[in-house]
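Structure first, then comments.
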Amino acid sequence: MATEERLFRLGVHIPDFRWEIGATGDLGLLVEAVAAWREGLPFDVLAARFPFMDLDELAGDLARGEPAASQWSALLSTEYYRRQWDLLRRLHSDGVLRRMFPTVSHGAVRLRVEALDAAGRQVLVHQDDGGRHEVRRVGVPEDVWTEVPTGDLIAYLRAALTEECGR
């Protein structure tokens with residue numbers, strides 16, 4: 001709900017990541033929109049029927065099961081993530097890592113194999129001001145932040161995010 005008016009916001013939630021796709025003062029219309037989305041109504045029909053919805057590229061990619069591409073684009077073009085751009089560009093340049101769903105939290109880049117699977121294979125990568133990298137596999141109880149030499153970073157991440165890590 002908004003503070004200035006009766007307004008109901010609609011958002012899409014991926015574990016550890018959320019974005020708004022619209023708002024309306026009509027709760028009934030919002031419920032209809034959610035039901036139509038869940039029923040798989042095509043995006044062009046949703047947009048025409050529910051003009052309050054802002055169905056951007058990321059929402060479309062998510063519906064097609066391919067949200068990583070537009071998420072990479074957003075992170076690499078948003079000034080807010082400028083401090084992570086070097087690391088993001090390096091990770092994105094690898095064909096395997098580019099298919100992972102990226103988010104940034106507390107200065108660390110999270111790469112998730114499956115965007116909607118919060119318990120699935122994922123890593124956090126932090127690059128400090130000196131260019132050193134630390135990596136932690138999320139959800140692996142015994143895993144701790146591990147310093148990874150710059151030259152080994154891509155191979156280390158590939159191993160941690162594929163079946164090779166034996167998770």
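The values are calculated or read from the model by the stated rules, or taken from the named source; none is laboratory data. Please read all numbers here as calculations on a predicted model, not as lab measurements. Here the Cβ is made from the backbone with ideal geometry for all residues, glycine too, and neighbour counts use every protein chain on show.
In a helix (DSSP H, G or I) and at pLDDT below 80, is that true of ALA47? Considered against the rule, which asks whether it is in a helix (DSSP H, G or I) and at pLDDT below 80, ALA47 comes out as no. Residues satisfying the criterion are absent from region 9-29 (criterion: of a type outside the set (D, E, K, R), assigned to a helix (DSSP H, G or I), modelled with pLDDT under 80 and surrounded by fewer than 18 Cβ atoms within 10 Å (Cβ to Cβ)). Taken over region 98-138, the residue count meeting the criterion of being in contact with a Ser or Thr (Cβ under 6 Å, 6 or more places away or on another chain) and of a type in the set (Lys, Arg) is 1. Count of region 103-151 residues, restricted to those that are part of a loop (DSSP other than H, G, I, E, B) and under 17 Å from ARG82 (Cβ atoms), is 5.
Contact map, region 72-89: residues that are without any contact (Cβ under 8 Å) to a residue 24 or more places away in the chain paired with residues that are part of a helix (DSSP H, G or I) and among the basic types (Lys, Arg), Cβ distance under 7 Å, separation 6+ or inter-chain. Pairs shown: LEU76/ARG89.
Residues in region 83-101 include none that are modelled with pLDDT under 85, farther than 20 Å from VAL148 by Cα and in a helix (DSSP H, G or I). Of the listed requirements (1) β-branched (Val, Ile, Thr); (2) at pLDDT below 90; (3) touching a Phe, Trp or Tyr at 6+ places or on another chain (Cβ under 9 Å), THR162 misses just one: (3).
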